[in-house]
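First up is the structure itself, then whatever we jot down about it.
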Amino acid sequence: MTVSSQPPFSPQEIASEGIKPEEYQEIVNRLGRHPNKAELGMFGVMWSEHCCYKNSRPLLKQFPTTGRRILVGPGENAGVVDIGDGLQLAFKIESHNHPSAVEPFQGAATGVGGILRDIFTMGARPIAVLNSLRFGSLDDSKTQRLFQGVVAGISHYGNCVGVPTVGGEVYFDPAYSGNPLVNVMALGLMETPEIVKSAASGIGNPVLYVGSTTGRDGMGGASFASAELSDESIDDRPAVQVGDPFLEKSLIEACLEAFKTGAVVAAQDMGAAGITCSTAEMAAKGGVGIEFNLDKIPVRETGMVPYEYLLSESQERMLFVAHKGREQELVDIFHRWGLHAVVAGTVIAQPIVRILFQGKIAAEIPALALAENTPIYQRQLLQEPPEYARKAWQWTPELLPKCTANGIEVQGKKLSWNDVLLTLLDTPSIASKRWVYRQYDHQVQNNTVMLPGGADAAILRLRPLENRHFPKANPKLGVAATVDCNPRYVYLDPLEGAKAVVAEAARNLSCVGAEPLAVTDNLNFGSPEKPIGYWQLAQACRGLAEACRELDTPVTGGNVSLYNETLDSQGNPQAIYPTPVVGMIGTIDDLNHICGQGWQNQGDLIYLLGTPVESKTQLGASEYLATIHHTIAGKPPRIDFDLERRVQKVCRQGIRLSWVHSAHDCSEGGLAVALAECCISSQLGAEISVIPPNSPNLRWDELLFGESGARIVVSVSPAQQSAWESHLSQYLTNCWQKLGKVGNFDTGLQVLTTDNQTLIGVTIEEISLNFLNAIERRLKIQC
């Protein structure tokens with residue numbers, strides 16, 4: 001067939017859909033003709049990075065995705081794992097970065113709604129939400145507006161829909177000034193006898209549209225999420241969806257009720273790319289086609305054309321394939337919940353997506369061309385690390401001013417170690433996030449065992465709503481969840497930094513007594529079309545894959561968010577730090593044996609598991625180096641996986657045997673910050689004794705604020721000292737150290753050397769004031 005060489009669209013029109021010239025030619029080749037406007041839009045959203053992972057898919061193949069407890073891996077709406085006792089848990093993480101940059105409240109709110117739909121589409125009842133947030137400097141007024149809007153959006157949707165927000169992390173860095181990151185993770189307990197999949201099947205089976213109406217909100221959101229942000233992005237507010245959490249609550253109940261009837265063959269959330277994505281993915285996965293009639297769709301606006309129907313990302317909508325003859329049964333369920341439900345299509349044998357509108361064919365495209373057989377770009381990896389990394393790696397601690405037991409002089413100002421500690425505790429990335437989590441309902445459903453801020457990971461009781469379906473369920477069974485990423489580590493060394501992300505997530509779970517089980521990841525990066533951006537992405541994926549294999553935590557799915565760059569007024573792109581956020585879950589066999597981070601009893605003994613204090617830790621890439629010396633340089637700590645596994649196992653065993661009363665990992669800010677956080681959490685002091693640096697290469701600031709993997713601070717009853725130390729000697733040999741003991745409130749935090757030099761002496765009131773009020777003070781909110 002001869003195809004006219006003259007496209008019916010201008011190059012600008014094609015580019016506006018996010019389609020490159022060579023991709024347009026590929027579309028013409030596949031169709032054997034030029035696409036119409038609706039079809040061009042369909043290809044634009046489905047061939048966007050957000051939907052088809054055309055730059056990242058080859059890299060994702062190296063992730064371990066199978067394991068003895070993995071029931072559903074990548075490719076479905078969410079991963080599912082076997083928790084034991086007949087219980088199954090669905091979980092996933094997603095991003096809503098670009099929408100939140102232009103409309104923070106609705107961008108964040110609909111991010112929560114979208115990830116919840118991924119969970120209950122599998123047949124699971126959502127039981128918890130966590131979030132991982134990144135913003136620019138909190139001293140900037142624009143950042144404050146974005147930060148407050150995002151937190152309000154998350155709290156509004158989560159609180160209204162009745163799902164607790166139980167944990168998360170918030171970082172502030174100028175690298176995110178124009179492009180904040182909003183990543184949301186959700187967990188759900190399977191409630192249906194069978195896991196609901198998304199592959200359409202059964203020729204002649206009806207296709208149902210259920211949920212809310214379709215409007216023009218969210219138009220082209222997938223393409224919008226796959227482009228850099230610019231000064232004109234504010235004009236893309238229509239690409240931001242508008243959510244209704246109360247309608248979503250009805251949708252959850254209606255869907256779970258419908259799934260239990262056995263009348264549903266397959267289900268798909270209408271998320272990114274709306275009707276286009278749901279019809280194409282369901283058809284492609286099932287090896288069938290779908291004929292879909294837009295005239296049947298309930299709308300909230302008049303005069304809509306096929307392009308608008310197909311690209312709308314109106315929220316709270318789903319697509320079902322039902323068993324023929326049982327569609328009315330499903331329609332009645334949704335009507336009873338006050339929701340729309342119409343038969344709008346049919347499963348057909350020809351593997352195409354055929355869209356009908358006003359009695360005519362509005363679009364007709366092979367399903368595989370939209371959902372599976374999409375463009376893949378094999379990028380060239382840099383032969384050597386980029387110049388910025390090589391230059392940063394040349395940094396050594398010798399470039400810092402000399403320091404003594406009394407402190408350090410920085411830019412002509414003398415700082416005691418007390419000053420340094422109080423400054424670090426006042427840093428928004430380290431400081432308490434209570435202003436954030438106090439806006440979230442973290443106890444709705446009454447299954448939250450550990451409240452936010454109390455431990456290194458969230459802990460939930462696994463209590464099925466309908467116990468009759470799970471007669472063997474252990475009432476003491478729990479799950480722990482965390483989200484983690486130190487983006488500065490990944491920026492300075494994507495390979496080692498990504499390994500550290502996985503290791504810290506597992507360590508946080510181990511600190512509450514949970515056995516790390518599986519991972520969902522959210523890869524937030526800049527443009528893969530730039531050599532540095534692709535190098536960062538490729539190296540980080542390699543590091544994640546290696547760490548997940550080493551720690552036996554398979555990846556069950558996740559999200560890729562690229563093109564996180566801001567174009568300034570001159571058109572110069574500014575990329576974020578590479579930020580591969582890891583969401584990890586772990587199992588707890590007995591909720592009577594868990595741990596928080598605060599000291600529990602005066603007189604308990606304090607130990608450091610892992611790299612001893614006098615061993616060399618890392619100042620490179622540390623919070624101390626960035627905050628006190630305003631330097632982003634050096635290499636992050638390298639993860640010793642053998643030591644990491646042993647330290648975490650010993651910690652978990654100590655918790656299960658009731659030896660360990662508290663546990664907290666050493667991360668940003670090093671040992672001194674970790675000790676201070678334990679004191680603040682419990683309002684109990686600590687008397688610590690450390691060995692002075694015994695090597696000219698080891699510094700006082702390294703001892704106090706250096707960072708390293710595989711380090712956990714724990715407290716143990718003196719009555720268990722002998723058994724505990726015997727256990728440590730057997731399993732950690734020389735990789736542990738007794739630091740001191742827990743005091744009372746008046747003790748404060750006292751860090752002395754073994755030769756009686758005072759390094760740190762601060763009151764509980766001083767450290768609490770800086771730590772607890774840092775964010776409120778910058779927002780000028782009454783503390």
Accessible surface of residue 408 - all protein chains present, 1.4 Å probe, nearest 10 Å²: 10 Å²
Pick out, in residue order, every one of the trypsin sites (Lys or Arg not before Pro) in the range 744-783 that is DSSP loop and has at most 13 other C-beta atoms within 10 Å; say none if there are none. 780
Surface accessible to a 1.4 Å probe, per residue, for the residues of the chain, Å²: 35 Å²
Taking the Cα centre of the range 52-95 as origin and charging only Cβ (+1 Lys, Arg; -1 Asp, Glu), how large is the dipole, in debye to the nearest 20? 300 debye
Using alpha-carbon positions, the gyration tensor of the range 578-670 gives root eigenvalues a ≥ b ≥ c; with a/c under 1.5 called rounded, otherwise prolate if a/b exceeds b/c, else oblate, the class is prolate
Normalised per residue, the volume inside the convex hull of the alpha-carbon atoms of the range 1-86 in Å³ amounts to 137 Å³
For residue 744 paired with residue 530, estimate the spin-label separation in nm (one decimal), with each label point 7 Å from Cα along the Cα-to-Cβ line. 5.8 nm
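Longer than 21 Å from Cα to Cα, which of 296/360; 20/197; 296/324; 249/296; 414/780; 61/285 are they? Say none if no pair is.
Working: 296/360 14 Å; 20/197 33 Å; 296/324 18 Å; 249/296 24 Å; 414/780 28 Å; 61/285 18 Å.
Beyond 21 Å between Cα atoms: 20/197; 249/296; 414/780.
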Projecting the Cα atoms of 501, 442, 719 onto the charge dipole of the chain, where Lys and Arg contribute +1 and Asp and Glu -1 at Cβ, the residue farthest towards the positive end is 719
Run down the lysines and flag those whose C-alpha is under 25 Å from the C-alpha of residue 413, throwing out any fewer than 8 positions away in its chain. 402
Rounded D (µm²/s) - the range 608-741, Kirkwood Rh over Cα pairs, Stokes-Einstein at 25 °C, 0.890 mPa s: 159 µm²/s
Could you list the trypsin sites (Lys or Arg not before Pro) in the range 628-722 that lie in coil according to DSSP, counting only those with at most 16 other Cβ atoms within 10 Å of their Cβ? 638
Measure of size requested: the Rg and Dmax of the range 397-470, with Cα atoms as the atom set and Å as the unit; please supply both. 21.8, 70
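By how many nm would the segment from residue 476 to residue 257 grow when fully extended, if each residue of separation counts as 0.36 nm and the alpha-carbon distance is taken off? Don't jump to the answer; show the numbers that get you there.
Values: separation 219, 0.36 × 219 = 78.84 nm, distance 2.71 nm.
Additional length available on full extension: 76.1 nm.
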For the range 414-542, how big is Rg over Rh, using alpha carbon atoms and the Kirkwood form of Rh? 1.07
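Could you work out the per residue convex hull volume over the alpha carbons of the range 617-690, in cubic angstrom? Working shown, then result.
On the way: hull volume 8.6 nm³, N = 74.
Hull volume normalised by residue count: 116 Å³.
When the Kirkwood hydrodynamic radius is evaluated over all pairs of different C-alpha atoms of the chain, what value in angstrom, to one decimal, is obtained?
Working: mean 1/r = 0.0370 Å⁻¹.
By the Kirkwood definition, the hydrodynamic radius is 27.0 Å.
Ignoring ligands, DNA and RNA, what percent of the 1.4 Å accessible area of the chain is carbon and sulfur?
Working: 13370 of 27630 Å².
Its accessible area is 48 percent carbon and sulfur atoms.
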With every atom except the alpha carbons ignored, what do you get for Rg and Dmax of the range 332-434, in angstroms? 31.5, 83
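Per the Kirkwood treatment, what hydrodynamic radius in Å, one decimal, follows for the range 66-106 from the mean inverse distance over all distinct Cα pairs? Mind showing how you got there, number by number?
Working: mean 1/r = 0.0810 Å⁻¹.
Here the Kirkwood hydrodynamic radius works out to 12.3 Å.
In cubic angstrom, how much convex hull volume per residue do the alpha carbon atoms of the range 353-401 span?
Values: hull volume 7.7 nm³, N = 49.
Each residue corresponds to 158 Å³ of Cα convex hull volume.
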How about the range 134-214: which GluC sites (Glu not before Pro) there are in a DSSP loop, with at most 14 other Cβ atoms within 10 Å of their Cβ? 194
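So if I place +1 on the C-beta of Lys and Arg and -1 on the C-beta of Asp and Glu, and nothing else carries charge, what would the dipole magnitude of the range 650-741 be about its Cα centre? I want it in debye, nearest 20. Could the numbers behind the result be given before it?
On the way: 6 positive and 8 negative charges, 69 e Å.
With Lys and Arg at +1 and Asp and Glu at -1, about 340 debye.
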Heads up, I need the accessible area for residue 499: 1.4 angstrom probe, whole protein in place, Å², nearest 10. 20 Å²
Testing the spin-label approximation: label points 7 Å from Cα along Cα→Cβ at residue 140 and residue 630. State their distance in nm. 1.7 nm
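How many percent of DSSP beta bridges within the range 663-783 run antiparallel, rounded to 5? Display every interim value, and only then the final one.
Values: 10 of 15 bridges.
Counting DSSP beta bridges with both partners in the range 663-783, the antiparallel share is about 65 percent.
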Taking only the alpha carbons of the range 247-310, what extent do you get along each of the three principal axes, in Å, biggest first? 37, 32, 20
For q = 0.15, 0.16, 0.18, 0.26 Å⁻¹, what log10 I(q)/I(0) does the range 100-163 give under the Debye formula with an equal point scatterer on each alpha carbon and no solvent? -0.48, -0.53, -0.64, -1.06
Surrounding net charge for residue 285, when Lys and Arg each add one and Asp and Glu each subtract one, Cβ distance under 12 Å: -2
So what is the orientation-averaged projected area of the range 672-783, using the convex hull of its C-alpha atoms, in nm²? 9.0 nm²
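Let me spell out the model: positive unit charges on the Cβ of Lys and Arg, negative unit charges on the Cβ of Asp and Glu, origin at the Cα centre of the range 657-710. What dipole size does that give, in debye rounded to 20? Show your work: numbers first, answer last.
Numbers: 1 positive and 7 negative charges, 28 e Å.
Roughly 140 debye, rounded to the nearest 20.
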Those residues of the range 367-383 whose amide nitrogen sits under 13 Å from the label point placed on residue 350, 7 Å along Cα→Cβ: 367
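Write down, largest first, the equivalent ellipsoid semi-axes of the range 500-599 in whole Å, where each equals the square root of 5 times an eigenvalue of the alpha-carbon gyration tensor.
Details: eigenvalues 224, 44, 20 Å².
Equivalent ellipsoid of the range 500-599: 33, 15, 10 Å, largest first.
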Okay, helix-only estimate at 222 nm for the chain: each DSSP H run of n ≥ 4 adds -39500 (n - 2.57), divide by all residues, round to 500 deg cm²/dmol; what do you get? -10000 deg cm²/dmol
Degrees between helix 641-656 axis and first principal axis of the chain (Cα, 0 to 90, nearest 10): 80 degrees
Restricting to Cα pairs below 8 Å that are 6+ residues apart, what does the relative contact order work out to for the chain? Please round to a whole percent. 15 percent
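Could you tell me the calculated FRET efficiency between residue 730 and residue 62, based on Cβ-Cβ distance and R0 = 41 angstrom, to the nearest 0.05? List each step's numbers first, then the result.
Values: r = 36 Å, r/R0 = 0.88.
The calculated FRET efficiency here is 0.70.
Considering only DSSP beta bridges where both residues belong to the range 120-197, give the percentage that are antiparallel (nearest 5).
Details: 10 of 17 bridges.
For the range 120-197, the DSSP antiparallel bridge percentage is about 60.
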Tally Lys/Arg at +1 and Asp/Glu at -1 over every other residue whose Cβ is under 12 Å from the Cβ of residue 422; what's the total? -4
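In the P(r) worked out for the range 78-195, what percent of Cα pairs fall beyond 23 Å? Don't jump to the answer; show the numbers that get you there.
Details: 2188 of 6903 pairs.
Every Cα pair in the range 78-195 considered, those over 23 Å come to 32 percent.
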Rounded to the nearest 0.05, what FRET efficiency do residue 373 and residue 299 have when you use their Cβ-Cβ distance and R0 = 41 Å? 0.85
For the residue pair residue 765 and residue 642, what label-to-label distance in nm results when each label sits 7 Å from Cα along the Cα-to-beta-carbon direction? 5.0 nm
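The values are calculated or read from the model by the stated rules, or taken from the named source; none is laboratory data. Because the structure is predicted, anything quoted here is derived from the model rather than measured. Cβ atoms come from the backbone with ideal geometry, glycine included; neighbour counts cover every protein chain shown. Side chains are part of the model used for accessible areas, which takes the heavy atoms of the whole protein and leaves out ligands, DNA and RNA. Shrake-Rupley method; radii C 1.70, N 1.55, O 1.52, S 1.80 Å.
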